[in-house]
Amino acid sequence: MRTIRTRRTALTACTAALLAVTTLTACQGNDALTKEPSPAGAASAAQPSGGTTDTGNAQPAGHTPAGGAPAAAKGGVGDGNSKVSGGKGGTEAGFSACAASSTKIVATRVERPVNHMLLTVTNIGKRACDVHLAPLLRFDDEQAATQIVDDSKPQAVVTLAPGGSAYAGVTLSSGTGEAAHGYKPKGLSLHFAARSGSGSVGAPVKVTLPADTYKDDAAAVTYWLDSMKDALTY
């Protein structure tokens, strides 16, 4: 009887011990579930997968490093400050010489100065063109071209936009009537001068003269000018 009680007491003690171990394990498991994550773990979660770290040296688009040139932007068209080579009126600027087919020329008698005529050339084409130097004139069947007034030379070639005009003044005769070979011509041929100053460009233009036009050996023509007033100054 005493032996049975001893065994029961031992069994009860073992059961109590086993129960204590189970309870401790269960408590430790709950601690692991409620434990706060470490700071290192938080930082790792904030960093996106595959992300890059800003080193503080990133440059804005188009930035020019010291001593370097900026990279050209894709599809860029330049800075918009490029200049046309050759300046106004040059062949490099994309302008061609004016020709008979793209111009209209009118000869007009003027009251002042006396014995003068005004030539007006108008661009009737769709593109700008240049009138170089002075018009090359021949009255009737004269062999030599009319002399040119050197003092009237402009500083730049005159460029005619579509619809634009240029002018040349023509001295027909001397004011005193002392020049030789005076007569009334019936026709006038005009050639456009070549840019080089040697020869002419294109076909000649037949210009209708005002009625009773009189000329003599004093006849002279100015360079093409962009001002009617300037053309009649000489």
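The values are calculated or read from the model by the stated rules, or taken from the named source; none is laboratory data. Because the structure is predicted, anything quoted here is derived from the model rather than measured. Here Cβ is always computed from backbone atoms with ideal geometry, including for glycine, and neighbour counts include all displayed protein chains. Accessible surface areas use protein heavy atoms only, side chains included; no ligands, DNA or RNA. Shrake-Rupley method; radii C 1.70, N 1.55, O 1.52, S 1.80 Å.
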Original post:
If you stretched the chain out fully between residue 114 and residue 196, how much longer would it get, using 0.36 nm times the residue separation minus the C-alpha to C-alpha distance?
Top reply: 26.2 nm
Subject >> Alpha carbon convex hull of segment 174-234, volume per residue in cubic angstrom >> reply: 131 Å³
Subject >> Total charge dipole magnitude, segment 130-200, about the Cα centre, Cβ charges on Lys, Arg, Asp, Glu only, Debye to nearest 20 >> reply: 160 debye
Original post:
Got a sec? Charge dipole of segment 161-234, +1 on Cβ for Lys and Arg, -1 for Asp and Glu; which of 220, 162, 188 is way out at the positive end?
Top reply: 162
Original post:
Label residue 100 and residue 141 with points 7 Å out from Cα along Cα→Cβ: what is the distance between them in nm?
Top reply: 1.9 nm
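Which whole-number value in Å² is the accessible area per residue of segment 136-234, probe 1.4 Å?
55 Å²
Quick one: with all protein chains in place, what share of the accessible area of segment 165-209 is carbon or sulfur, to the nearest percent (1.4 Å probe)?
51 percent
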**OP:** Mind counting lysine pairs for me in segment 88-234? Cα separation below 25 Å, and the two need to be 8 or more apart along the chain or on different chains.
**Re:** 22
